[in-house]
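Bear in mind that the values in this text are calculations on the coordinates, not laboratory data. Just so it is clear, the model here is predicted, and its values are computed rather than measured. Here the Cβ positions follow ideal geometry from the backbone for every residue, glycine too, while neighbour counts run over all protein chains shown.
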Amino acid sequence: MIPTLEWTQEGVRFLDQTRLPLEETYLLATTPDEVATIITTMVVRGAPAIGVSAAMGLALAAKASAATSAAEFADSYEASCRLLAATRPTAVNLFWAIDRMRRVFAGLLSSGSSMEAVRTRLEAEARAMYDEDIAACRSMGRFGADLLPDEGTVLTHCNAGALATCGYGTALGVIRAAVEAGKKIHVFADETRPFLQGARLTAWELMADGIPTTVLCDNMAASLMRQGRIQAVVVGADRIAANGDVANKIGTYGVAVLAKEHGIPFYVAAPWSTIDPATATGEAIPIEERSAVEVTHHGGRQLTPHGVGICNPAFDVTPARYVTAIITERGLLRAPYLESIAQGASAAQ
Ligand code: MRU
């Protein structure tokens, strides 16, 4: 399995995704500050992977602390929670993971735990989230594989694969499961300007698994759809509002509109930690604006004239009416999403 991130005795080891596909190198983080930098610089990225990374960063905070009790550690733990929460605004998995780690710590604090108990418990919780993430991806794969054609071409946008999770992937997990079930799937991977997650990461990880993959520039999907060369679309998500609106990598909305125009099913695969019932609609989802340099430069080389205006929103929102189904680890959600999401959320309580 692709080692996106891993808890080790020395710290958390991250596969450096900024250097893929040409170099497979690793960075070791031993403090929450280092994990925060690793998230903001996109060494690790993808909503579920960001969430688990933050949880592991909080476990590292305990490991690195010289405090002797939960009470003594509390202020610095809260500072680490805030630092990690400020890294990227759109993927709700980040806040979900930090809240879960906050709740665990609150229990330790109220029971007057020793620092040794805090270290052990926070590490266990972060590692449990890692295992749960892989299990959720496999479950999404089982539910989603049936939706894909027995033989055909599936378009995906960005990277919602093993590299965006703790392993296996959400959208790419569905494709992997379909291939494991004997389906003959050819993947078309949008290159995903400007950070090229599709061209660099999706292509790299699918090729590692021997799944036939073709990279296309983002402006080519429309023409391929019109020619009948794409049978389904599967993407991931960074946040799904209570009404089923989906925030995902910039460009996803355009793909969804095109899919509807051409009668192609548009599926979103995401764990429940990506569903945010507290956000009523896509309008309220915060969209990260990233550095202009990602657009003006490539590989250190300037592409645009000095001083030109640059727009670089990292995500867009696809209204729920374009989404054929949401594939979760608990099963498929269909419209009306306000109802299916509310039902799914209450079934789990
Ligand atoms: O900016 P990124 O690379 O973190 O964006 C990633 C995406 O948009 C993914 O599609 C999303 O996080 C789902 S990952 C399973």
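Here are a few things to note about the model shown:
- Some residue of segment 152-168 being of a type in the set (Gly, Ala, Ser), surrounded by fewer than 20 Cβ atoms within 10 Å (Cβ to Cβ) and in contact with a Pro (Cβ under 9 Å, 6 or more places away or on another chain): no
- Condition broken by ASP245, with the remaining ones in (1) of a type outside the set (Gly, Ala, Ser); (2) farther than 17 Å from ASN93 by Cβ; (3) in contact with a Pro (Cβ under 6 Å, 6 or more places away or on another chain) satisfied: (2)
- Residue among ASP150, ASP131 that alone is under 17 Å from ILE2 (Cα atoms) and more than 14 Å from the ligand (Cβ to nearest atom): ASP131
- Residues satisfying the stated conditions in segment 219-271, i.e. surrounded by fewer than 17 Cβ atoms within 10 Å (Cβ to Cβ) and within 16 Å of the ligand (Cβ to nearest atom): none
- Total residues in segment 127-153 satisfying the condition of being assigned to a helix (DSSP H, G or I), of a type in the set (A, V, I, L, M, F, W, C) and in contact with a strand residue (DSSP E or B) (Cβ under 7 Å, 6 or more places away or on another chain): the figure is 2.
- Tabulated pairs, segment 272-284, first within 11 Å of ALA247 (Cα to Cα), second part of a loop (DSSP other than H, G, I, E, B) and small (Gly, Ala, Ser), C-beta under 6 angstrom, 6+ apart or interchain: THR274/ALA237
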